[in-house]
Amino acid sequence: MMKQINLNQKLGLTILLGLLAFSILVACFSPHSIDEQNLAQRLLLPSGDNWLGTDHFGRDMMTRLASAIGLSFSLGVLCVISASVLGVTLGVCSAWAGGRVEQALDVVVNILLALPGLVLVLLLSALAPGSFLVMYLAISLVQWVEYYRVTRAITRTIVDSPERQVSAMMGFGKWYQFKRHIWPAVAPSVFIMAAFGAANAILMMASLGFIAVGIQPPLAELGLMSVELFPFYIEAPWVLAQPLLVVALLVLGFHLLAGASRESLNSAD
């Protein structure tokens with residue numbers, strides 16, 4: 001079982017690192033720009049000048065895909081960092097403090113849970129279409145709730161454990177108690193949620209691109225590219241397949257990491 005888990009992790013990392021390397025190398029060495037148009041060379045097959053062909057405006061597909069991958073990674077990482085830090089911090093504070101602090105946070109969480117996550121992200125993004133900052137804040141606002149709920153549930157158990165109480169009676173501060181007792185118990189679940197969260201953030205951004213309230217032209221974004229290229233699926237199916245395949249690979253890579261981490265955690269239990 002552990003061998004299979006390690007293989008899944010390696011495969012997921014290989015996919016993600018390969019896509020990231022592709023994005024960086026193309027951004028550094030491509031002679032084309034993402035908005036460089038040439039209508040005389042629209043929907044070309046892959047060639048020596050355009051390794052992945054061109055789109056309906058004659059723009060180089062490889063350059064645009066590399067830019068879109070970098071944008072997706074940026075959003076996924078930023079959302080994971082913000083949501084995990086906020087969710088874990090508030091989850092620990094809620095379980096440790098209890099009382100009115102926990103009640104107030106529960107009210108906020110219940111309000112956010114009352115709306116489906118994607119609908120809430122859509123509503124906020126529609127207020128400022130094309131704004132990466134608004135999209136990032138909206139997705140982070142949705143995702144921190146999961147970190148909060150899981151962290152609070154685990155922290156409640158650890159706070160009442162004899163080991164943590166002994167540390168408190170011996171005079172160790174709360175920061176030490178968090179590092180020594182709470183974080184080791186919370187960390188595996190946080191890593192699993194982070195991997196799923198990055199994949200969900202990428203899917204949310206692509207979904208907003210599908211309905212034209214996400215990233216706007218001339219920037220390259222995987223969902224927007226798919227919508228723009230869909231009318232040409234008969235004339236040039238290879239260009240439509242490229243952004244769809246990249247989205248699938250990104251999600252697969254993160255899910256392999258999350259699934260392997262979950263199986264590893266279950267095996268340890």
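Answer yes if at least one residue in the range 200-212 is under 20 Å from the mean Cα position of the chain (by Cα), β-branched (Val, Ile, Thr) and within 26 Å of ILE69 (Cα to Cα), and no otherwise. Yes, the range 200-212 contains a residue that is under 20 Å from the mean Cα position of the chain (by Cα), β-branched (Val, Ile, Thr) and within 26 Å of ILE69 (Cα to Cα). The residues of the range 33-76 that are surrounded by 18 or more Cβ atoms within 10 Å (Cβ to Cβ), more than 30 Å from PHE191 (Cα to Cα) and not charged (D, E, K, R), listed by number, are ILE34, LEU44, ASN50, LEU52, GLY53, THR54, MET61, MET62, THR63.
Among the conditions (1) in a helix (DSSP H, G or I); (2) open to solvent by less than 40 Å² (accessible area, probe 1.4 Å); (3) not hydroxyl-bearing (Ser, Thr, Tyr), VAL150 misses just one, which is (2). Consider LEU141 carefully, then state whether it is in contact with a helix residue (DSSP H, G or I) (Cβ under 9 Å, 6 or more places away or on another chain) and open to solvent by 30 Å² or more (accessible area, probe 1.4 Å). Yes. Filtering LEU13, LEU17 for residues that are modelled with pLDDT under 95 and in a helix (DSSP H, G or I) leaves a single hit, LEU13. In the set ALA104, ALA138, only one residue is in a helix (DSSP H, G or I), of a type in the set (Gly, Ala, Ser) and in contact with a Leu (Cβ under 9 Å, 6 or more places away or on another chain); that residue is ALA138. Determine whether ILE81 is open to solvent by less than 60 Å² (accessible area, probe 1.4 Å) and either modelled with pLDDT of 95 or more or not in a helix (DSSP H, G or I) (or both). So ILE81 fails the test.
Residues in the range 157-185 that are surrounded by fewer than 17 Cβ atoms within 10 Å (Cβ to Cβ) and touching a residue at least 40 places away in the same chain (Cβ under 8 Å): LYS174 alone.
Scanning the range 191-212 for residues that are over 16 Å from SER72 (Cα atoms) and at pLDDT below 90, we see that the one that is least open to solvent (accessible area, probe 1.4 Å) is ALA212.
Just a yes or no: is a residue in the range 89-106 under 29 Å from ILE211 (Cα atoms), within 28 Å of the chain's Cα centre (by Cα) and not hydrophobic (A, V, I, L, M, F, W, C)? The answer is no; no qualifying residue exists.
In the set PRO243, PRO188, only one residue is in contact (Cβ under 8 Å) with a residue 24 or more places away in the chain, under 19 Å from the mean Cα position of the chain (by Cα), open to solvent by 10 Å² or more (accessible area, probe 1.4 Å) and closer than 29 Å to ALA258 by Cβ; that residue is PRO188.
For LEU118, the stated conditions hold: it is surrounded by fewer than 17 Cβ atoms within 10 Å (Cβ to Cβ), within 14 Å of the chain's Cα centre (by Cα) and not small (Gly, Ala, Ser).
The values are calculated or read from the model by the stated rules, or taken from the named source; none is laboratory data. Everything numeric in this text was worked out from a predicted model, so none of it was measured. Quick reminder, even Gly has a Cβ in these numbers, built from the backbone with ideal geometry, and neighbours come from all protein chains shown. Quick note on the areas: whole protein, heavy atoms, side chains included, nothing else; ligands and nucleic acids left out. Shrake-Rupley method; radii C 1.70, N 1.55, O 1.52, S 1.80 Å.
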